[in-house]
Amino acid sequence: MAKSDANSDRAYDERPRPLAGVRVVDFTWIVAGPQATRILADLGADVIRVENEGHMDSLRGGLPPDGPPHPDRSGIFNNFNRNKRGITANIYHPRTRELIEQLISGADAVTENFSPGAFARMGFGFERLRELNPKIVYLSLSGYGHYGRDSSYVTWGPTAQAVSGLTYISGLPDQDPAGWGYSYLDHSAGYYGAIAMLLALRRRDRIEGAQRVDISQVETGMVMTGVTMLDWQINGRQSERIGNRSRHPAMAPHGAYRCAGDDRWITVAVETGEHWRELCEELGAPELAEDERFASLEARLAAEDELDAAITERTSERDARELMYALQARGVPAGLAQNMPDKMEDEQLAARGFYRAAPSPYVDDRFYEGLPFLFRQLGWDVHRGAPGIGEHIDEVLTELGCTPEEIAQLRAEAAV
Amino acid sequence: MSDAPPLPEFADSLDGAPILDRVRVVEVGDLGEVAGRLLADVGADVIRVEPPSGTDSRHIGPYPGDEPGVETSLRFAAHNANKRGVTLDLEHTEARELWRRLCESADVVIDGSGHGVLDGLGAGWEARLADGWAGPRVWCSITPFGREGPWADWASSDLVQLALGGPMMSTGYTDHDLPPIRGGFDHSYWMGGEYAVVGILGALFGLDAGAAEGPELVDMAIHDAVSATTEGSFPSWEYRREINQRATGRHSAPGPTPEIQFPTVDRRHMNIIGGGQPRSVRYLEGLLDWMDQYDAAEDLREPRFREAVFAARNEAGKERQRFSEVTKRFVAMLTTEEAYRGGQSLHLPWGIVRRPEENLDDPHWTDRDSFAPLELPDGLQARLPVAPYRFEGVERGVPCRAPLLGEHNHAVYHEELGVPAEELPGLSERGAI
């Protein structure tokens, strides 16, 4: 059975999309912007990526399933741009510019995540956008936002994580910062971008005029650090790394413990005496439950190094997945640290249909990560992979009223 | 120095109205408090419903002076700013009638009270649907694993979520004797809260557009939100059958990658993505000139490094590795502040590894009003980072502190729901509110 048949009988996929009829002209690239428009496309918006073939989205350079790299076959690009349409455009060609402006005139929103000022220098400042379309929503995502002293500063996800403080507070106290093992804030910025777009689209019916929304990626990280910032301001307590331990709420044992096999770990979060007794019983260690050093939460917090060593000694020969099921059966919060093959076998994600299969002319049928919520009547879907470079030029230009001859002429002039 | 043209100042308010006005949200339990906060920050009327003893997150620190108190949790303060608060014991029959009236007055309910809890009391989504309540239009159930499925009843925590969802196996140290790391702190609740808001606003938009008739359920699983927030590990597996391996201070990847986190002379760290090799020749020249001032460019002026800028990432591994080693030695001569400002002035994405609180004094965030003054109970003053949306023309007001326990009982139950004022003391004495 082809992957795309796997869930083709899902009535869910036939449901109405909340954003059906919404059109987004999408100048974003790499991760943060495409993450925002991926959500909008999954919810049914017609997202048309406008790409510059001479300055290609670096995600198109990602590795393909096999063979040499090819712009249409990058796995990571495909994952973040599914459901979208794509055209290429030389916006400095006068006719192409007219067509892009026509596209914007008939759209609901324009998105970009260039460095501040770059889009305006390309001739698409907010003033021009609102001239073209008095009800347009213009969403920009950038590292530091479009105004403020350091707005020209540049970031990638990890840069923003470092500046926002997220990197510093992630890791073991006696080691360098671990940071995050991916561009977490590219995704957060994308989520806030999608939220802001939904807010603006809803607000559009009430206000006169166009809307401009400015999102700073670093700020999307800072908002998550409110508690630790208050602790500093009120108690003078500096933020520090505490590994996998938990102070608020206080829990012990609380960590990732080595299991049998290569790089297999189980996490356990013990908050109550009941959790502690059940954990000891499952580990075949009644002596730990009786041990005075670990008799209360306070005692366990005061002896965390010894505690963690005692737990590890008893988990290191256990199968992590089996131990997780056994502990969960006892009501103990426990979870295997899942790698990707584990997640593809995750029976809860499977029950919710989280990974959705869809066809692609470039990388065959593939699974895609879905959205993390299910509606009752509405739906979201993944119905196709990402567009190849310039794949929808004919389709979109025809919709704009171009004849096949004109499209051929534009191609001949390298205008699209 | 920036060569970007000055940007237009954001204009004054278009109409003075908040972004999300005339939307009432009723929020119960703790799993949805981030979602409630994100909606409250843009003007929704968010009413936090708590048991008379206070919701669990009031009993989680830190606290001022480390003295626990039901009104003083700094965690509760951060996650519940801009909301109003009422008390209600949903196990109490009288309270459930009030609960229904409260829900019927709302556009959105956020149920973060745990899988099956409200449904078990006849006060959840199932009752709303079966009994034909007049509201809300959107019911968002935020649970650890979703409303159905083999893990729906499982015990959970932030740590367990970040393990099961995948971020931990990408995060940690190159030395795999050290455990995978949970990024600090509570990020599973942020990921779940952010996506819950997407679901809520998507449902409202769809209902307003006539795509469906109400009421609509948003069955939001934190496990799914975390699982969707792992970036490269999914494509590595789906397209290449490769497993990303965690590496110190940088992206996980199937194979070895150059270091990107470098110590500075003041014993702090810089994050320099890619290890230092710029992505254009213009920036390469600027960096080499800067290094020359310290006699630190070593062999980086050799043509192979210039050529490597144009090469595909997987074709210039040796040069990238070498660039990273030389950059590490150069950065070791600088303070973090010199490296950060110097790199950024050359348009290089060099990031200072800061403590979160160091941002409070950064003039850029002052320019952007990224922190709003917040008055806490007992007259304490602080600043709180606000939700990161900037709508041109919309003033961001001073946030209200989180509600005191039952602070808005009179306003909500009497003034808005019409419960006679003289009945409130009795409801309180009987433990209903």
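The values are calculated or read from the model by the stated rules, or taken from the named source; none is laboratory data. Here the structure is a predicted model, which means the values were calculated and not measured. Glycine also receives a Cβ, built like all others from the backbone with ideal geometry; neighbour counts cover every protein chain displayed. Accessible surface is based on the protein model in full, side chains and every heavy atom, while ligands, DNA and RNA are left aside. Shrake-Rupley method; radii C 1.70, N 1.55, O 1.52, S 1.80 Å.
With unit charges on the beta carbons (Lys and Arg positive, Asp and Glu negative) and the dipole taken about the Cα centre of the protein assembly as shown, which residue among A:ILE104, B:ALA35, A:LEU327 sits farthest to the positive side?
It is A:ILE104.
Can you say what percent of the DSSP beta bridges in the protein assembly as shown, counting only those with both residues inside, are antiparallel? Round to 5.
Antiparallel bridges make up about 40 percent of those DSSP assigns within the protein assembly as shown.
Exactly which chymotrypsin sites (Phe, Trp or Tyr not before Pro) in region A:55-107 are in a DSSP loop and have at most 13 other Cβ atoms within 10 Å?
Loop-located and lightly packed - A:TYR92.
With all protein chains present, how much of the accessible area of chain A (probe radius 1.4 Å) comes from carbon and sulfur, to the nearest whole percent?
49 percent
Any chance you could look up the accessible area of B:ARG100 with a 1.4 Å probe, heavy atoms only, rounded to 10 Å²?
Its heavy atoms expose roughly 70 Å² to the probe.
So which residue, out of A:ALA107, A:ALA320, A:ALA196, gets the largest mean-square fluctuation from a GNM of chain A using Cα contacts under 10 Å as springs?
Ranking A:ALA107, A:ALA320, A:ALA196 by mean-square fluctuation puts A:ALA320 first.
Treat every Asp and Glu Cβ in chain B as -1 and every Lys and Arg Cβ as +1, leave all other atoms uncharged, and give the resulting dipole magnitude about the Cα centre to the nearest 20 debye.
The calculation lands at about 1520 debye.
Nearest 100 Å², what total accessible surface is buried between chain A and chain B (probe 1.4 Å)?
For chain A against chain B, roughly 14200 Å² becomes buried.
Output the antiparallel fraction of DSSP beta bridges having both residues in chain A, as a percent to the nearest 5.
Counting only bridges with both partners in chain A, antiparallel ones make up about 40 percent.
How charged is the neighbourhood of B:LYS83? Take every other residue with its Cβ under 11 Å from the Cβ of B:LYS83, and add Lys/Arg as +1 and Asp/Glu as -1.
Residues near B:LYS83 contribute -2 overall.
Once you order the gyration tensor axes a ≥ b ≥ c over the Cα atoms, which shape class does region A:245-302 get: rounded for a/c under 1.5, otherwise prolate or oblate by comparing a/b with b/c?
Oblate is the answer for region A:245-302, as a/c is 1.5 or above yet b/c matches or exceeds a/b.
Please report the carbon-and-sulfur percent of the accessible area for region B:350-433; probe 1.4 Å, protein heavy atoms only, DNA, RNA and ligands left out.
Solvent-exposed carbon and sulfur of region B:350-433 make up 48 percent of the total.
Sorted by accessible area (1.4 Å probe), largest first, how do A:LEU301, B:LEU424 line up?
My answer, sorted largest first, is A:LEU301, B:LEU424.
Accessible area per residue, 1.4 Å probe, Å², for the protein assembly as shown: what's the number?
That works out to 35 Å² for each residue.
If the only charges are +1 at each Lys and Arg Cβ and -1 at each Asp and Glu Cβ, what is the size of the charge dipole of region B:121-182 around the Cα centre, to the nearest 20 debye?
300 debye
Give the accessible area for B:ILE273 in Å² (nearest 10); use a 1.4 Å probe, count only protein heavy atoms, and leave out ligands, DNA and RNA.
The value for B:ILE273 is about 40 Å².
What lysines sit close enough to B:LYS318 to cross-link, taking a C-alpha to C-alpha distance under 20 Å and skipping anything fewer than 8 places away on the same chain?
Within reach: B:LYS328.
Antiparallel as a % of all DSSP beta bridges within region B:130-273, to the nearest 5?
Rounded to the nearest five, the antiparallel share is 45 percent.
Where the centroid of each part is defined by its Cα atoms, how far is region B:273-352 from region B:52-72 in Å?
When both Cα centres are located, 48 Å separates them.
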